[in-house]
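Engineer: Dropping a structure here in structure tokens format, bear with me for questions.
The values are calculated or read from the model by the stated rules, or taken from the named source; none is laboratory data. From a predicted model like this one, the values you see are computed outputs, not experimental measurements. Cβ sites come from the backbone with ideal geometry, for glycine too, and all protein chains shown count toward neighbours. The area values use the complete protein model at the heavy-atom level, side chains included, leaving out ligands, DNA and RNA. Shrake-Rupley method; radii C 1.70, N 1.55, O 1.52, S 1.80 Å.
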Amino acid sequence: MRSGIVVPQGLIAHGRGEAFDYLLGEETLPAALAATYAAAAFLLTAKHPVVSVNGNAAALAGREIVNLSSVISAPIEVNLFHRIPKRERLIATYLKGLGAEDVLGVGRSASSTIRGIASSRRRTDPRGIGKADVVLIPLEDGDRAEALSRDGKKVIAIDLNPLSRTSRAASVSIVDNVIRAIPALTDASRRMKKMPRDSLQRSASEFDNQRNLARAIQEMIRYLRGWA
Ligand code: ATP
């Protein structure tokens, strides 16, 4: 936050996530793993997959995001709640310092728009989210997740809160901490790259997000029962 990557409101969102992480025992549970495999299948069969990054995601898992983007050959696009050009550049420079080749969505390059969002977050890069069919959104808010889905994109969320609008609007919701979820998604993608395309497509189409979210909630309840 002191270096300007994360804004104070971002810390509150981060704290909300950490509270939910306690309810998971700070571990990756089976529902998150199932969602991770489905997410890898969606990303590997996408025509134009994109990893959308905000300040929190960059600060918490910048290096892991850069590794994932290289394994799945998907560009990284910066998308901030408050579009401040200086902060966009700061995050892009930070990610490039961690090895990202290019970072989309900075300044004037964000010239397309997602319908249904009033704020400046509606702006996207036509080379990235603008033409994407699958978008990974670690730590996103509900408005944008819903608008991306309405725009016909498959949305993969990583969100510790299974009740959030983001989790409910996504096609795949990984209920886990980005710190654990992104390396797990990178590993799964690396292994699943060798699988035939039709079997990846089947895994993606058979995934039922609402059912898997219910499973994540059941896993939280089971974990809490162990303490009660
Ligand atoms: P929504 O708008 O989707 O209903 P929200 O208002 O909480 O939810 P934000 O304010 O953008 O949305 O909060 C970001 C989300 O990120 C929260 O749901 C929070 O649980 C989640 N989150 C925070 N830290 C992490 C983390 N380390 N890993 C995964 N998810 C996280």
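Engineer: Counting DSSP beta bridges in the chain, what percent are antiparallel, to the nearest 5?
Structural biologist: Details: 2 of 18 bridges.
In the chain, approximately 10 percent of DSSP beta bridges are antiparallel ones.
Engineer: If you scale each eigenvalue of the Cα gyration tensor by 5 and take the root, what three semi-axes come out for the range 134-228, rounded to whole angstrom and sorted largest first? Let's see the in-between values first.
Structural biologist: Working: eigenvalues 102, 67, 34 Å².
Ellipsoid semi-axes (Å, largest first): 23, 18, 13.
Engineer: Treat each spin label as a single point 7 Å out from the Cα along the C-beta direction, and report the residue 221 to residue 3 distance in nm.
Structural biologist: Between residue 221 and residue 3, the label points sit 4.3 nm apart.
Engineer: Modelled label-to-label distance, residue 22 and residue 119, 7 Å Cα→beta-carbon offset: nm?
Structural biologist: Here the modelled spin labels are 2.7 nm apart.
Engineer: Quick one: with all protein chains in place, what share of the accessible area of the range 182-228 is carbon or sulfur, to the nearest percent (1.4 Å probe)?
Structural biologist: Accessible surface attributable to carbon and sulfur in the range 182-228 totals 53 percent.
Engineer: Could you sort the peptides 159-167, 217-225 by per-residue average Cβ neighbour count (10 Å cutoff), highest mean leading?
Structural biologist: Working: 159-167: 21.9, 217-225: 13.7.
Output ranking for 159-167, 217-225: 159-167, 217-225.
Engineer: Further question on the same structure: Using a 10 angstrom cutoff on alpha carbons, build the Gaussian network for the chain and name the most mobile of 124, 36, 45.
Structural biologist: Per the Cα network of the chain with a 10 Å cutoff, 45 tops the list.
Engineer: Given C-alpha coordinates of the chain, what is the ratio Rg to Rh with the Kirkwood estimate of Rh? Display every interim value, and only then the final one.
Structural biologist: Working: Rg = 16.5 Å, Rh = 17.4 Å.
With Rg and the Kirkwood Rh in hand, the quotient comes to 0.95.
Engineer: Find out how many positive minus negative residues lie around residue 96, taking Lys and Arg as positive, Asp and Glu as negative, among other residues whose Cβ is under 13 Å from that of residue 96.
Structural biologist: Every neighbour counted, the sum reads -1.
Engineer: Taking Rh as the Kirkwood radius, which is the inverse of the mean 1/r over Cα pairs, what is the Rg/Rh value for the range 1-97?
Structural biologist: Ratio of gyration radius to Kirkwood radius: 1.00.
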